[in-house]
Amino acid sequence: MSAAMLPLLLLVPLLGALGIACSGRWPNLREGISLLTAIALAALVFSWVPTIMVGELPRIVLTEPLPGIAIALSLEPLGMLFACIASFLWIINTIYSIGYMRGNEEKHQTRFYICFAVAISATMGIALADNLFTLFLFYEMLTLSTYPLVAHKGNAATIASARVYLGILLATSIGLLLPAIIWTWLAAGTTQFTAGGILEGKVGGAAVGFLLGLFIFGIGKAAVMPVHRWLPAAMVAPTPVSALLHAVAVVKAGVFSVTKIIIYIFGADFLFSQPSAQWLLYAACFTVVAASVVALYQTNLKRMLAYSTIAQLSYVILAVVVLTPMATKGATLHIAAHAFGKITLFFAAGAIYTASHKTELWQLAGIGRRMPLTMAAFTIGALSMIGVPPTAGFISKWFMFGGAFDSGNYVALATIVASTALNAMYFLPVVYLAWLAPAPEGVDMDHGEAPVAILIALGLTTALTIGFFFFNQPVLALDQLLVENLR
Amino acid sequence: MNLAEHLPALQVALPLLTAPLVILLRAGFLAWFSAFLASLFSFALSVQLTIAVLQGGTLEYWIGGWEPPYGISMVVDGFSALVLLLITGASTLALAGGRLSLRRDIDNRRAPMFYGAWLIAVAGLCGIAVAGDAFNVFVFMEISSLATYILVAAGRDRRALSAVFKYIMIGTIGATFYLIGVGFIYMMTGTLNFADMAVRLEDDMDTRPIVIAAGFITIGLALKAAIFPLHIWLPRAYTYAPDAVTVFMAACSTKVALYILMRFNYEVFHGNLLGHSELFTAFVIPLALTGILVASAIAMFQGNLKKVLAFSSIAQIGYITLAAGLTSEAGLMAALLHMFNHALAKGGLFLCAMAFVFTAGSSALSQLQGIGRRMPWTMAAFVVAAMSLIGVPGTAGFISKWYLIVAVMEWNTWGPALVAAIVISSLMAVVYLGRFIELAYFGEPPAGNAGLLEVSIPLRCLIWATALLNIGFGLFPQLPLALATDGTARLLGGLY
Amino acid sequence: MEILGLFNYWAFAVLLMVGLYALISKQNLVKKIMGLTIFQSAVFLFFITTSKLEGGTAPILQAGKDWTIFSNPLPQVLILTAIVVGISVTALALAVVVRINEEYGTIEDDEILAKDREA
Amino acid sequence: MSLVLDLLSGLLIVVGALFVLSGGIGALRMPDFYTRVHGSSLTDSLGPVLILVGLMLEAGASLVSVKLAAILLFLMITSPTASYALCHAALQSGLKPRATKLNTSSPASGEEQKLQ
Amino acid sequence: MTTMLIGIFLLSLLVVTAFAIVRATELFSAVMLSGIFSLLMALNFFILDAADVALTEAAVGGGVATVLLLAALKLTPPAEAPSRGLSGLSVVVVAVTTLLMIYASFGQPSLGDPDAPAHGHVASWYIEHTPELIDIPNTVTAVLGSYRAYDTLGEAFVVLTAGIGVMFLLGGGRGKPFSRLQTGTAEGLSQHLIPKVVARILIPFILLFALFIQFHGEYSPGGGFQAGALFVAAMILFTLVRGERRALAVITPRALLLMSAGGAFLYGLVGLAGIATGGQFLEYNTLASDPIAGQHLGIILIEFGVGVTVTGVLLSIFHAFIARD
């Protein structure tokens, strides 16, 4: 397929958004259109896989507003993988949203679906970005388009947390990321993602570590502590949005950008030949452990999941930092695996909320007997988070572990082990509570399962979570390509 | 006769000569319509001029056929063309969009006078933009100022009057300071023509009077351009002027003062005045910085949309002066580009503000709560323009901010500090605009105006056209870039 | 003598000062306008001073009159224009003052400010 | 002959100047408004006349003296009118002359009767 | 030398008057003082060889400005509120400015210094070339009307703008547009014998003089603006003695509007005629077959335009102020 087709990946969701805007009056038509768009997009994305598999790197320049600063798209394995995950999960998420939004009679549903579609378009843009500038452009577009989603409820509390969300993401991106990009541009004369990096020999010494810091904390979406605050704040959003944030688009966009910058801008070898860049490893490890510990003390289900996400993201960064081919594969695998697991968990949480309006952990006691399917899915998701076979989580953790072992990076090893234990410590009690504990007094248990649309979505993601354990060859193949490109 | 070669003169003559005819009309609509047509045609003229400049380079026109410095000459280069586009474009936009709003602000029988003044203001500003003669600049500065006073005084709120009086006083001081400076230069060089001055100044490098002259001219024009801390006239004038007038002024009036400021300092003084560049930098940059930060900070705490935007204008003027103060090629590029882009963004914002005020009847934030849900289209356009003002990539504002930051980075060791300041002020812009946007979308509409409706379709289209321009010039900034490059080259002619 | 030749400049400076002072610190708007007039006339004086030529006469080249030295016509022309500009500004400012007096009932700057604040 | 003319004109000019001066002093020293106007207006109409005549003698029979004559004429007309208008305005605005006792009718009303 | 001493004397008077203006709390006396100030200024201009400027300053400062100030004072409180002493900031600003000026003055050529740069270059060119290029005695008029006609065009439009502003702000009395201006005060001083007679005598002369200044401007000091001011003086005198109603019957508001706009427009048309006849904007050489004649024609036309505009505008302003009460 010719590179000229790349912009389609952005246009399809935008057209979908337009269609949704026009069909706002007729809910069925509207949701039909959103679903259709999702499927069309996914089909388009997957149709690219063979092209990429044979090692092509399609690239197209849309416009060049400033000399050396082009808005250009290109598709390389990593982006391909990300695009596939996002577009595919969007279908499921759409099905789920239909059930959820109707189940809870939310307001402004048209606005919701429009922003959703725009957000996906932005995500595609991030996946296809050919240079830092384009990346930044769509990164901001994603932030702005998700703001209305987070603030969806529109009551004072929601707006307050939405403000935190927007504030942190915009402040970090404008305040740190943009200067970092300009610095890169001034130093290297280009911002294009190139295998092996563009900064080698352009900057040196402490500057490297500083620039890296600007990038890492500038990309607030990667939620490396201390710029993680927006993620728990965004918990006020409706569940499909949380799913979008945690699994489909936003945080993934964050770690994806970080990975891309590390391997394509700095160039992995160059970066970690620089002592001043080593801090990143420890920052990641710290985030993993700290976030897991915080998660231990959460009493609200979604907040707990949020902190677990923060921890899981830093896994990815950790893996990239460890930087053996194997670990890099682990990182990309984990992007996928975590996506499947976390979306399952969120869907489950949403299902519980829809069915019983329960949000606190203690309320979940004995809920397993009421909503067996949901809780089954939840359990599988939890296991995947911990990394127990046969779930997706195991695969990625395995690769990371191996990578860390090869490079003899014992800090990373210790972190992974510790956090696995921690994961178990905060997930298993919930499972136990849900299945075995007796229902506490004063909590009504007279509710059944969630609406069917939700259950379908839930089932799909659960299936993915398990299926990924057995059928991960395509992803591995992509990883292989990626790693070869790097070497 | 070939009209093409007379473009510079016609650019001024057309609006100027339409004005006396307009004031003779009796009906408001006719007056508006003829003013609009005249403005439209002069916009066409400036487009023609721009094309001519891009193809044939700088144009020079000898008025009365007298060779400068004996006669008055007009000089049109990329920079002038850029400013001309701003002036005529803004005026056309404001007239087209502001018809209803103006009809409400100015009663029908006084309207002819008002539109006459409007055209004279346009002509005066154009006259400054094409002038090649220092005293001629003074004359046309006064024409445009007087006309602008009238436009501002037409505001319905009585505070418009006290605001305009302050404006008159400060404006006249500024103009007179400028005149004093010109007088000193004339005394030492015996000429009034910019180019000729530059030549003859080389003989007497920095004699005292010239240094003083530079000071007077810079301060006088800084007063007119509302460079912090000489901005005191601007917020009230912008706030209490009729909304359409604010659209027009915000887009171009201060820009023109900055234009002539840069003209003078670069083409005449730099290079001819020992150490003038350093002096200029040392004088301008601190003011610009404090202006940027303080004005943005003040803007965050205003309770009135137009005031917010006015203070943000002061901050943006700070950006332009900062860039101009760097006395480097990149800096000048940034300054010129930012003039253009800020005009786009601010014009769009004030246009939306006009629409809001037109429906909600007040620009107080409390009255505008929830307006975003009532007027989704206008509000969306507002958001786009706001992003351009903040400098989100993909919008026009980003281009100039990029140039600005790059210019600052390569300035000297202080670069990073300045970048920090710029970034901080951009974040402040996020705050003060976000504040309004948030309460426009999620705020509870006040009791009175629950059933507000969108403004008329044509106005909406106009607003959206402006918004799309903001995006268009963000993705394809070739035109302003070309003009800015040309203008910069000419300005720097004086520097090296 | 040489120093006395600069007297015009000093007078100009002092007038400028007086005008500017009245303009800035007087509360009464009409007084401000008068200050403005003084301020501007000072500048006119300055320009005309630059036009004077020792032993010259008004630049009117009448036939038969055997003047050879003429004062410089250019500053005079500029000031003709400037004077007209000045009176125009004064007229407009006065009109504004009249309107202000109708709206506020006072032409003292501080009182007007007070009334704006309470509004 | 010319010497005589010069002397004469000089004399006229000096005397005229003295008159103007006295008028000025009067304007400062007189007790009340009307007397001040009276003093200054009288000298104002006499002083300039003398000065102008002196100047005309200097100029001799030429265009200049014609102009001077014209000025003289206008002065003769305007300056009394001015003082009249001044006093009248003062009277209108109710400023009473500070006059010591005359006959029964009050000075102010007397003035007015004279006016109508 | 003597001229210089006289100059110094007058300048000192000027400064004293300025201080007096600032200190006077009675606005009326302040107005009178500012009239005196302008006349002194005019004298100064005259001994500095600037006859045209002197004439203008006398007409504008002594005449028009004073009338306008009085007209405004009629509508505003006559006395200044007791002010609160010197304000620190302003004193500082002012002092700094003055010091700058005096500092600068020492680098400047002393009064009348023949080899000051200002007198070389452009100025001398004007003196030399005017006779053969334009051939009118009054170089000032030549520069004003031809070399720098563009500035003068601007001047005319500044006046027009001021007129527009006043008409816009004040209209013809409350809530009426200027063109509908009419006024209650019918009589003026017409029942007073002396002013009436005197006015009868004077007005024709003033008008005559105005016309002389208008059309003799090429040969002697004067020109459109001064003439206009004189014309207005005559009309104002007429208004004072015969009452506004009569005055407005003579020249109706609509006519005033037409004059204001028409004069400026005429000026512009002359400029365009230059283009139409194949010259530049405001080029007169092409107006007639013979360049010199063309120059004369052009200058006369634009001077006329200026005169008409000035008359119209100043009178409108006067009436607008009067009608406002």
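The values are calculated or read from the model by the stated rules, or taken from the named source; none is laboratory data. Just so it is clear, the structure is predicted and the values come from calculations on it, not from any experiment. Cβ sites come from the backbone with ideal geometry, for glycine too, and all protein chains shown count toward neighbours. These accessible areas exclude ligands, DNA and RNA; they are computed on the full protein's heavy atoms, side chains included. Shrake-Rupley method; radii C 1.70, N 1.55, O 1.52, S 1.80 Å.
Could you tell me what percent of the accessible area of the range A:1-159 is made up of carbon and sulfur, with a 1.4 Å probe and every protein chain present? Heavy-atom surface of the range A:1-159 belonging to carbon and sulfur, 1.4 Å probe: 72 percent.
The convex hull drawn around the Cα atoms of the range B:257-312, when projected onto a plane and averaged over every direction, covers 4.3 nm².
Solvent-accessible area per residue in chain A equals 31 Å², computed with a 1.4 angstrom probe and all protein chains kept. Only Lys, Arg, Asp and Glu carry charge here, each on its Cβ (+1 for the first two, -1 for the last two); on that basis the range A:1-102 has a dipole of about 380 debye about its Cα centre. Cα centroid separation, the range A:375-393 to the range D:32-103: 114 Å. For residue A:386, neighbours were defined as the other residues whose beta-carbon sits under 13 Å from its Cβ, and their charges (Lys and Arg +1, Asp and Glu -1) total +2. Local charge sum around residue B:355 (other residues, Cβ-Cβ under 10 Å, Lys/Arg +1, Asp/Glu -1)? Its environment carries a net charge of -1.
If one takes the accessible area of chain E alone plus chain B alone and subtracts that of the pair, with a 1.4 Å probe, what total in Å², rounded to the nearest 100, results?
Summing both chains' loss of accessible area gives about 5300 Å².
Take the Cα of residue A:473, go 7 Å toward its beta carbon, and the backbone nitrogen atoms of the range A:23-58 under 18 Å from that spot belong to A:49-55. Determine which residues of the range E:30-67 fall in the zone a paramagnetic label at residue D:93 would reach in this model, i.e. backbone nitrogen under 15 Å from the point 7 Å along Cα→Cβ. Correct set: E:30-33. For the range B:53-165, relative contact order (Cα pairs under 8 Å, six or more residues apart, normalised by length) works out to 23 percent. A Gaussian network model of chain E, with springs between Cα atoms under 10 Å, assigns the largest mean-square fluctuation among E:180, E:246, E:23 to E:23.
Counting only the Cα atoms, the range A:1-156 fills a convex hull of 114 Å³ per residue. Interface between chains C and E: roughly 7500 Å² of accessible area buried, both sides summed (probe 1.4 Å, protein heavy atoms only). Here the 3J(HN,Hα) profile of the range A:129-137, calculated from phi with Karplus coefficients 6.51, -1.76 and 1.60 at θ = phi - 60°, is 3, 9, 8, 4, 4, 4, 3, 4, 3 Hz, Gly and Pro shown as x.
Calculated on C-alpha atoms, the gyration radius of the range B:255-368 divided by its Kirkwood radius gives an Rg/Rh of 1.09. Here the Gaussian network model covers chain E, with springs between Cα atoms less than 10 Å apart; of E:139, E:97, E:56, E:97 fluctuates the most. Note on the range B:204-293: along the principal axes its Cα atoms extend 48, 23, 17 Å, ordered by decreasing extent. Legend: distances between Cα atoms for B:166/B:255; A:302/A:358; B:166/B:224; D:96/E:196; C:31/E:74; pairs beyond 18 Å are B:166/B:255; D:96/E:196. The C-alpha atoms of chain C occupy a region whose extents along the principal axes are 69, 33, 14 Å, arranged from largest to smallest. Just so you know, the Rg over Rh for the range E:1-121 is 1.04, from Cα atoms, with Rh as the Kirkwood radius. Remark: the Cα gyration tensor places the range B:433-487 in the prolate category, a/c being 1.5 or greater and a/b exceeding b/c. According to the square roots a ≥ b ≥ c of the eigenvalues of the Cα gyration tensor, what is the shape class of chain E, taking rounded for a/c under 1.5, prolate for a/b larger than b/c otherwise, and oblate for the remainder? Note, shape of chain E comes out oblate.
I'd like the distance between the alpha-carbon centres of the range E:243-318 and the range B:86-165, rounded to an integer number of Å. The distance from the Cα centre of the range E:243-318 to that of the range B:86-165 comes to 23 Å. A crude spin-label estimate for the pair residue B:364 and residue C:118, with each label 7 Å from Cα along the Cβ direction, gives 1.7 nm. Across the range A:228-269, the residues whose backbone nitrogen lies under 20 Å from the label position 7 Å along the beta-carbon direction of residue A:155 are A:232-242. Based on C-alpha pairs under 8 angstrom that are at least 6 apart in sequence, the range A:233-359 has a relative contact order of 34 percent.
Please report the net charge: other residues with Cβ closer than 12 Å to the Cβ of residue B:128, K and R +1, D and E -1. Local net charge: +1.
Here the Kirkwood formula puts the hydrodynamic radius of the range E:185-325 at 16.3 Å, using every distinct Cα pair. Ranking A:261, A:344, A:362 by how far each Cα lies toward the positive end of the dipole of the range A:244-370 (charges on Cβ) leaves A:362 at the top. Note on the protein assembly as shown: Rg/Rh from C-alpha atoms, Kirkwood Rh, equals 1.09. Here the dipole of the protein assembly as shown is about 4840 debye; that uses its Cα centre as origin and unit charges on the Cβ of Lys and Arg (positive) and Asp and Glu (negative). Structural size metrics of the range A:359-446, computed from C-alpha coordinates, are Rg and Dmax of 16.4, 54 Å.
Build a GNM of chain E with springs between Cα atoms under 10 Å apart, and of E:219, E:103, E:147 the one that fluctuates most is E:103.
Express the accessible area of chain C per residue in Å², computed with a 1.4 Å probe while the remaining protein chains stay in the model.
I get 28 Å² per residue for chain C.
Protection proxy ranking of B:68-74, A:309-315, D:23-29, by the mean of other Cβ atoms within 10 Å over each peptide's residues and highest first, is A:309-315, B:68-74, D:23-29. Rounded to the nearest 20, the size of the Cβ-charge dipole of the range B:1-144 about its Cα centre is 840 debye, with Lys and Arg at +1 and Asp and Glu at -1. Rounded to the nearest 0.05, the FRET efficiency derived from the C-beta distance between residue E:29 and residue B:464 at R0 = 60 Å is 0.50. In straight-distance terms, cross-link reach from residue A:342 covers every one of the aspartates and glutamates whose alpha-carbon lies under 19 Å from its own, apart from those fewer than eight places away in the same chain; here that gives A:360. When both the range A:286-319 and the range E:5-58 are represented by their alpha-carbon centers, they are found 84 Å apart.
Taking the square roots of five times each eigenvalue of the Cα gyration tensor of chain A, the equivalent ellipsoid has semi-axes of 34, 26, 20 Å, listed largest first. Going toward the positive end of the dipole of chain A, with +1 on Lys and Arg Cβ and -1 on Asp and Glu Cβ, which of A:411, A:94, A:320 do you reach last? The residue sitting most towards the positive pole is A:94.
Altogether, the Stokes-Einstein calculation at 37 °C and 0.692 mPa s, with the Kirkwood radius of chain B over Cα pairs as Rh, returns a diffusion coefficient of 147 µm²/s. Its Cα gyration tensor gives the range D:46-97 an equivalent ellipsoid, and the semi-axes of that ellipsoid, as √(5λ) in whole Å with the largest first, are 34, 10, 4.
Per-residue packing, averaged as other Cβ atoms within 10 Å, sorts the ranges B:410-421, A:87-98 into the order A:87-98, B:410-421, beginning with the highest.
Accessible area of the range A:211-272 with a 1.4 Å probe: how many percent of it is carbon plus sulfur?
Exposed carbon and sulfur together represent 68 percent of the surface.
Restricting the calculation to Cα atoms, the range A:218-314 yields a radius of gyration followed by a Dmax of 14.3, 44 Å. Percent of Cα pairs in the range B:369-486 per distance bin of 10 Å, from zero to the largest separation: 13, 32, 31, 16, 7, 1. 3J(HN,Hα) couplings calculated from phi for the range A:289-299 with the Karplus curve 6.51 cos²θ - 1.76 cosθ + 1.60 (θ = phi - 60°) are, in sequence order, 5, 4, 4, 4, 4, 4, 4, 3, 8, 7, 10 Hz; Gly and Pro show x. For chain B, the residue among B:19, B:456, B:40 whose Cα projects farthest onto the positive side of the dipole built from Cβ charges is B:456. Taking every residue in E:128-140 and counting other chain Cβ atoms within 10 Å of its Cβ, the average works out to 3.
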